[in-house]
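In what follows, a single structure is set out as structure tokens and then discussed.
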Amino acid sequence: MRLVLLGAPGSGKGTQAARLKREFGVPHISTGDMLRAAVAAGTPMGQKAKAVMDAGQLVSDDILLGMLEDRLAQDDAKGGFILDGYPRNLAQADALDHLLTRIGQPLDAVIKLNVPNKAIIGRCEIRFQAEGRADDNPDTVRKRLAIYAEQTAPVADFYAHRGKLKIVDGVGELDEITARVKCALAGESATANG
Ligand code: AMP
């Protein structure tokens, strides 16, 4: 399974990816987690990215593409992957397309988790209290949502035009949402298999 999960910050991509990776036996690749690990390790790239992330802005496309290319070259990603947090704009979607074509691993599907902004703000507030992520403070979440609407939302159309996009309601019990995603993907493989 080669899957991209799309959705606003706090839409549940990470939570669902963690469940789906068990189901499909492929790694969950979160660019946000990779960047946070680089920040925590104090690598030069992490030091560069920290201020950008804390402000809720996007880290540069070049850094992200290099990071992703290295990650997809690892053995555990040879049999597929679940991408969470990438692509975040059209340039990244295009770069991903080229990269996956080059390595012979085209996407099977793209799932977009739909969650209204009001619910997103509530979820991020809870995560802010629980995990203390600087970019989950309410002001920064509003900025991240604005960037999402402006830069990431068009990525859904990019995949819709390629017939890859499935939209899933991301509100409800976790099990229910996982079942909806699996159902959307089963529809995908039923179509793919004829
Ligand atoms: P996330 O955990 O996916 O919400 O990502 C946290 C932060 O990491 C984002 O607000 C960005 O600053 C940065 N980030 C993660 N993925 C990307 C990406 N694909 N492009 C640019 N910045 C990213």
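Couple of notes before you dig in:
- Among residues of the stretch 142-171, those that are surrounded by 12 or more Cβ atoms within 10 Å (Cβ to Cβ) and assigned to a loop (DSSP other than H, G, I, E, B), counted: 4
- Matching option when the condition is surrounded by fewer than 20 Cβ atoms within 10 Å (Cβ to Cβ), within 18 Å of residue 1 (Cβ to Cβ) and without any contact (Cβ under 8 Å) to a residue 24 or more places away in the chain, among 79, 104: 104
- Taking the criterion of being more than 12 Å from the ligand (Cβ to nearest atom) and assigned to a loop (DSSP other than H, G, I, E, B), the residues of the stretch 67-95 that qualify are 73, 74, 78, 79, 80.
- Residue check for residue 109: more than 14 Å from the ligand (Cβ to nearest atom), within 17 Å of the chain's Cα centre (by Cα), open to solvent by less than 70 Å² (accessible area, probe 1.4 Å) and not polar (S, T, N, Q): yes
- Selection from the stretch 7-19 of residues that are buried (at least 21 other Cβ atoms within 10 Å of the Cβ) and either under 21 Å from residue 79 (Cα atoms) or within 11 Å of the ligand (Cβ to nearest atom) (or both): 7, 8, 9, 10, 11, 13, 16, 17
- Tallying residues that are free of Cβ contacts under 8 Å to residues at least 60 places away in the same chain and crowded, with 18+ Cβ neighbours inside 10 Å within the stretch 82-95 yields 1.
- Among the criteria (1) in a loop (DSSP other than H, G, I, E, B); (2) near the ligand (Cβ under 10 Å from one of its atoms), the one residue 64 does not fulfil is (1).
- The set of residues in the stretch 1-56 that are in contact with a Leu (Cβ under 9 Å, 6 or more places away or on another chain), over 18 Å from residue 147 (Cα atoms) and in a loop (DSSP other than H, G, I, E, B) comprises 1, 26.
- Condition check for residue 13: over 15 Å from residue 127 (Cβ atoms), among the basic types (Lys, Arg) and at pLDDT 95 or above: no
- Flag if residue 122 is of a type in the set (Gly, Ala, Ser) and open to solvent by 50 Å² or more (accessible area, probe 1.4 Å): no
- Candidate set: the stretch 140-171, residues that are among the aliphatic types (A, V, I, L, M) and farther than 23 Å from residue 1 by Cβ; chosen: the one farthest from the ligand (Cβ to nearest atom): 171
- Checking residue 46 against (1) open to solvent by 40 Å² or more (accessible area, probe 1.4 Å); (2) more than 17 Å from the chain's Cα centre (by Cα); (3) not acidic (Asp, Glu), the condition it does not meet: (1)
The values are calculated or read from the model by the stated rules, or taken from the named source; none is laboratory data. Quick caveat, the model's predicted, so the values are computed rather than measured. Quick reminder, even Gly has a Cβ in these numbers, built from the backbone with ideal geometry, and neighbours come from all protein chains shown. Side chains are part of the model used for accessible areas, which takes the heavy atoms of the whole protein and leaves out ligands, DNA and RNA. Shrake-Rupley method; radii C 1.70, N 1.55, O 1.52, S 1.80 Å.
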